[in-house]
Amino acid sequence: MMPVFELLRDDDKARTGNQILSRPGRILLVVGILGLAAAGPIAGSIQPFWVNLLVRMLAFALLALSLDFVFGYAGLLSFGHAAMYGAGGYTAALLVGQVTPNALVVLPASVLVGVVVAALIGWLSVRARGIYFAMLTLAFAQLLYVVVFTDLPATVAGVETVTGGDNGLYGIGSYELAGIGFGDPLAYYFLTLALVALSLAGLIRLANSPFGRVVQGIRENEERIEFIGYDVQRYKVIAFAISGGFAGLAGGLYVPFQSVANPGLLHWTVSGELVVMVLLGGMGTLWGPMVGAGLVVFLEDRLGGVASWEVILGTLFVLVVIFAPRGIAGALISLRDDPSGAVDNVKQALKNYVREVRD
Amino acid sequence: MARRPMRNSSNHERDRHGNSGDSDRSTMSRRKYLHTGAAVGTAAAIGGCLGGSGEGGGGLTVGYALPFTGTYAMLGESIVNGFEMYLEQNGGEIDGREVETVQRDTEADTNRGVDVTRELLIEEQADVIVGPVSSAVAIAIMDTIESEASAIWLNANAGDYRVTQEGCLDYHFRTSFNDWQTSAPLAEWVYENVADNVCLAYADYAFGQNSKNFFGEAFEEAGGEIVAEVGAPLGTDDYSTYLGQIESSGADAVFSFFAGSDAVGYVSAFADYGLNEEMTQTGSGFLLSEDTLPAQGEAALGMYSLLHYTPAQESERNQTFVENYRGAYDSTANVYACQGYDSAQAFAAAVEETGSAEPDELSGALSGMEIDSPRGSFRFNEQTHEAIQNMYVREVVESDGEQPVENQVVETIESVEGPTWDCDLS
Amino acid sequence: MIESIVRATLLGVQSGMILALIAAGLTLIFGMLDVINFAHGALYMLGAYFGSVIAVELGSFWLALLLAPLLVGVVGIAIEVFSLRPLYGRNPLYHILLTFGFAIMIQGAVVQIWGGQARQIAQPALLTGTLSLGVVDYPVYRLFVLAISTALIGGVWLAIDRSNLGIIMRASAHDTEMVDALGIDVSKVFTGVFVLGAVLAGLAGVLLGASRSVNPGMGMGIIIEAFVIVVIGGLGSFRGAVFSALLIGLVTSYGALIAPTLTDLALFGLMAIVLMVKPNGLFGATEAA
């Protein structure tokens, strides 16, 4: 295990500097992605359904990644990411159903719609700060939810149905690309994995670019960045729009795989659970929230029917907030920094907790 | 993950978490019905592998795709109870084959519904899917059922007619009802026995709109007049405003579709405002069914509704069913339990007739098959695979049982068939 | 038509006052503790469930109205002491996340314990029937709810405005160290405020549980509405919460008359417009500071 922790150590150094992943960290990432590429066929040969589970884990990992870019990295708590996710999903549903199943047309459209919706919400919301910003994003996302649920576009356009109202759109086929169909879950898995890997690489690059540094600077000290002469609001809107594009892509990948798009995709509880996933994974690390999302989807799938999933998720979450606010990524990093001190750390955390409760 | 929120009401749901009633549920989620004595040896010898059966020996796998948590938990559990009661009565086997049941929680959410259906079909190799409860889930899983094409689908509660109209699937059989059956046949009865003018009140979502439309068309056809239509959003908290509109419509009767907690809120507000003294409340059976009546209580007295099953039905077949159910689960049977029980009867009869678990063969056997149900015997329509069954007009009356009120059958409408919606599977 | 308008107005004011009970707790907790309490809806739901159990077991609505909110208060103490207290001083974001966790957990537990079907609290015999108000007949129970919630809101308002308690509470919000130096235990004040909010939410739950249905979705359903109210009024402003609760109550009930499906749209649209014009809410700038 030691070499892995060594690599993570470099990653941590990068975090304190301006870089989000160092070279060894990236190598680890490539290894991870190759590992996932191998995992698909292996899992599929043991139990075909596991491929299905993996695809869903990847789609949510992408969604969590998109949120972490604005929330963990740029410091904007969005409680409305379901809006872009759902918008991307419905775009894919409508295009695949009525225009073309070509992934090269549909997926960019999902991204584009995600960007546009996010730019609009961001533009209207960035003047508000902190909790007010969160509430505004929530409000706009809920607005969109109501629009989809009541099928307002159909009423306005005078046609019978656009969003399918409360039942949503169903029977959506899978993608095609250059004559290859993605109806087979394994093929779909590779498509998803490739896009998720590209997205992660793109966002890491962006985070390390001058743009990324300004955004990070806004999180650390907004006034200072503004004083230097940057247009803070504009940077925020752009960061939000970029994040929205990736959320749209996640929706575009999820919906045709499920063959249905329903208003539930846009509901605020999706945004809420997404924030849970990001925090659980460790916000601001980009890779942590992806792990968190994958884990939550996996646990829900495996525990969903057996036990009271909500009680488990809620309890887990409360414990993480109190005892491990830096999430899985934070725990891994401190374990790597000081493997022998793990037990002491836990003791210390418990002691602190008891002291503060008594205080 | 992307689930719908748990709202106060019917179709929705982000519904979860099991009813406490059945404490051994988690252990039951994978239960095998073992043969006794020598039979155990035989089964072991025939099949080491369960599920995925198909021809000949081996076990049978039943996959429940139902909500076990949330607003609909009680419905899901009742369906399972009904199904398993049949299995217990038959020594846990069908056609000499051991039956394993696997239950998965749809949470009444469309995406979870798709996930668990795929899981049951692919990972658990289910031979039959029993469920779902929510129509949105039923519509969402049509595609999966069709593309996997590996199991028969016994629809034990989701009544949206579009499963037949748009799906029209060979593997789909409705062991429950459709939304036409629970609304339209009531129209003529209301016209003849209650009033020649009505106000329509409905939960404003697909199922509510369908029910309202079906009733409205049939009522006008019978010669009646629709005075007003009042739609309330799904999950409305307070019905005061809508009741005001219903009252000022001046109608002599009102036909409503509300279900679950909406039905509770609506019916009790109806009584609060004293509307039950001014007009007669009628509705689809889910307005006043066993999952809402305990909460509605005396507010529901004197209201009429239409459903295909009522626990207080006086036939001998039903009395036995209700007694057995009480013996097994210590509670009163309900429409959902009956639908579960009939799903088991249908599955067993088809397997016994064909000696197979291949969906194509089962479908052939089920088409046109007659089921001796506690609700009165019914038959699967060859064209649509809908149940052709009796519908019962019930009135809520005082009861000396465990609940203060219960439904009593006041009229039987026999062999209700319904439209085919251009679906022809025969 | 007049009937409908009168009825909608009565309903709007009545549900506005109930919403004010919930929003008041939410805004006080934020004002003092700097905590956005996502679990507030869950506490309201617990009030309704505790109430329905007590009403059945002890056979009295009045005992339910008295005891259930106190039980919710106990839950409130547990949440504040064991989970919020160790987090004071951290980024307020963590409070949102923590209480969101509680909201999910409590909702899950409620279904686990009481099942998913809707329940109801029986109205006391004294308050059944309708009362003629000239133009319309209105249920006595709803008038009772209107009266008692108005009285409660008035009481809390007076308590905050006039009493020592109010002064200490307001002082703690502005300068904890000062209050500490005066020998007042700030952490007790914090616990007290959280419990007050929980009890008010619990009361609202019992009151509504007898005229609406009691179901596991009611908490998540009302919390967003309550947030909208608090944000429009200005986070931390008691006056703002009461004012915008009435506003939202009326918008919702008139909306139901005109375009029921678009009511939610109006709600969120209103909030978005208010925030874009006044980013700190209607009363936020002056009072929340």
ask   = Out of the range A:130-187, which residues are surrounded by 21 or more Cβ atoms within 10 Å (Cβ to Cβ) and touching a strand residue (DSSP E or B) at 6+ places or on another chain (Cβ under 8 Å)?
value = A:Thr163, A:Gly164, A:Gly168, A:Leu169, A:Tyr170, A:Ile172, A:Tyr175, A:Phe182
request  = Identify all residues within the range A:60-101 that are outside any helix (DSSP H, G or I) and of a type in the set (S, T, N, Q); write none if there are none.
outcome  = A:Ser78, A:Thr100
Residue match in the range C:17-35 (condition: in contact (Cβ under 8 Å) with a residue 12 or more places away in the chain, outside any helix (DSSP H, G or I), within 13 Å of another protein chain (Cβ to nearest Cβ) and buried (at least 24 other Cβ atoms within 10 Å of the Cβ)) = yes
query = Among (1) among the polar types (S, T, N, Q); (2) assigned to a helix (DSSP H, G or I); (3) out of contact with any Leu (no Cβ under 9 Å at 6 or more places or on another chain), where does C:Ser211 come up short?
reply = (2)
query = Yes or no: B:Gly355 free of Cβ contacts under 8 Å to residues at least 60 places away in the same chain, out of contact with any His (no Cβ under 6 Å at 6 or more places or on another chain) and surrounded by fewer than 24 Cβ atoms within 10 Å (Cβ to Cβ)?
reply = no
Residue selected from the range B:385-426 under the condition free of Cβ contacts under 8 Å to residues at least 60 places away in the same chain and outside any loop (DSSP other than H, G, I, E, B), by the criterion nearest to B:Ala365 (Cα to Cα) = B:Ile388
query = Which of the residues spanning the range B:292-335 are among the acidic types (Asp, Glu) and more than 27 Å from B:Glu278 (Cβ to Cβ)?
reply = B:Glu314, B:Glu316, B:Glu323, B:Asp330
Odd one out for A:Glu220, checked against (1) surrounded by fewer than 16 Cβ atoms within 10 Å (Cβ to Cβ); (2) within 30 Å of C:Phe100 (Cβ to Cβ); (3) modelled with pLDDT of 90 or more = (3)
task = Scan the range B:105-127 and give yes if some residue there is assigned to a strand (DSSP E or B) and more than 12 Å from every other protein chain (Cβ to nearest Cβ), otherwise no.
result = no
note = Per the list (1) within 9 Å of chain A (Cβ to nearest Cβ); (2) surrounded by fewer than 24 Cβ atoms within 10 Å (Cβ to Cβ), residue check on B:Ser135 breaks on (2)
inquiry  = On the basis of being on the phi > 0 side of the Ramachandran plot, touching a residue at least 24 places away in the same chain (Cβ under 8 Å) and acidic (Asp, Glu), does B:Asp330 make the cut?
reply    = no
query = For the range C:104-153, which residues satisfy the criterion of being among the aliphatic types (A, V, I, L, M), facing another protein chain (nearest Cβ under 7 Å) and crowded, with 22+ Cβ neighbours inside 10 Å?
reply = C:Ile104, C:Met105, C:Val111, C:Ala118
Entirely in the range A:273-359, the helices (runs of 4 or more DSSP H) that have 2 or more residues that are within 11 Å of chain C (Cβ to nearest Cβ) = A:309-323, A:342-358
request  = Output yes when any residue across the range A:257-271 is outside any loop (DSSP other than H, G, I, E, B) and within 22 Å of A:Leu206 (Cβ to Cβ), and no when none is.
outcome  = no
query = A:Gly330: buried (at least 22 other Cβ atoms within 10 Å of the Cβ) and either of a type outside the set (A, V, I, L, M) or over 14 Å from the mean Cα position of the chain (by Cα) (or both), yes or no?
reply = no
key: Residue satisfying all of: in the range C:236-262; touching a helix residue (DSSP H, G or I) at 6+ places or on another chain (Cβ under 6 Å) and facing another protein chain (nearest Cβ under 7 Å); surrounded by the fewest Cβ atoms within 10 Å (Cβ to Cβ) among these   = C:Leu257
task = Report whether or not B:Val267 is surrounded by fewer than 24 Cβ atoms within 10 Å (Cβ to Cβ), of a type in the set (A, V, I, L, M) and assigned to a helix (DSSP H, G or I).
result = no
note = Given (1) in contact with a Pro (Cβ under 8 Å, 6 or more places away or on another chain); (2) facing another protein chain (nearest Cβ under 9 Å); (3) more than 25 Å from A:Asp231 (Cα to Cα); (4) of a type outside the set (A, V, I, L, M), A:Thr150 misses just (1)
Qualifying residue in the range A:203-224 (condition: within 19 Å of A:Tyr85 (Cβ to Cβ), in contact with a helix residue (DSSP H, G or I) (Cβ under 9 Å, 6 or more places away or on another chain) and in contact (Cβ under 8 Å) with a residue 12 or more places away in the chain) = yes
query = Residue check: is B:Leu75 over 20 Å from A:Val297 (Cβ atoms) and aliphatic (A, V, I, L, M)?
reply = yes
query = Cβ-Cβ below 6 Å, separation at least six or inter-chain, first residue in the range C:218-232 and under 17 Å from C:Ala48 (Cα atoms), second in a helix (DSSP H, G or I) and of a type in the set (A, V, I, L, M): which pairs?
reply = C:Met218/C:Met45; C:Gly219/C:Ala42; C:Gly219/C:Met45; C:Ala226/C:Ile22; C:Ala226/C:Ala23; C:Ala226/C:Leu26
note = Counting only residues in the range B:185-206 that are aliphatic (A, V, I, L, M) and assigned to a helix (DSSP H, G or I), the one modelled with the lowest pLDDT is identified as B:Ala206
remark   = Given (1) away from every other protein chain (no Cβ under 11 Å); (2) touching a helix residue (DSSP H, G or I) at 6+ places or on another chain (Cβ under 8 Å), C:Trp62 misses just (2)
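A quick yes/no check of all residues on (1) among the aromatic types (Phe, Trp, Tyr); (2) out of contact with any Ser or Thr (no Cβ under 6 Å at 6 or more places or on another chain); (3) modelled with pLDDT under 95:
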{"site": "B:Gly92", "(1), (2), (3)": "no, yes, yes"}
{"site": "B:Gly96", "(1), (2), (3)": "no, yes, yes"}
{"site": "B:Ala126", "(1), (2), (3)": "no, no, no"}
{"site": "B:Gly131", "(1), (2), (3)": "no, yes, yes"}
{"site": "B:Leu154", "(1), (2), (3)": "no, no, no"}
{"site": "B:His172", "(1), (2), (3)": "no, yes, no"}
{"site": "B:Phe177", "(1), (2), (3)": "yes, yes, no"}
{"site": "B:Gln181", "(1), (2), (3)": "no, yes, no"}
task = Give the residue, chosen from C:Tyr88, C:Tyr49, that is within 14 Å of chain A (Cβ to nearest Cβ) and hydroxyl-bearing (Ser, Thr, Tyr).
result = C:Tyr88
request  = Would you confirm whether any residue within the range C:235-248 is within 25 Å of A:Tyr132 (Cα to Cα), β-branched (Val, Ile, Thr) and touching a residue at least 40 places away in the same chain (Cβ under 8 Å)?
outcome  = yes
message = From the list B:Ala222, B:Ala228, B:Ala201, exactly one residue is under 26 Å from B:Ser268 (Cα atoms) and out of contact with any Cys (no Cβ under 8 Å at 6 or more places or on another chain). Which is it?
response = B:Ala201
task = Those residues that are over 14 Å from C:Phe30 (Cβ atoms) and part of a helix (DSSP H, G or I), I need them from the range C:179-197; list them, please.
result = C:Val179, C:Asp180, C:Ala181, C:Val186, C:Ser187, C:Lys188, C:Val189, C:Thr191, C:Gly192, C:Val195
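The values are calculated or read from the model by the stated rules, or taken from the named source; none is laboratory data. Quick caveat, the model's predicted, so the values are computed rather than measured. Every residue, glycine as well, gets a Cβ built from its backbone with ideal geometry; the counts of neighbours run over all protein chains shown.
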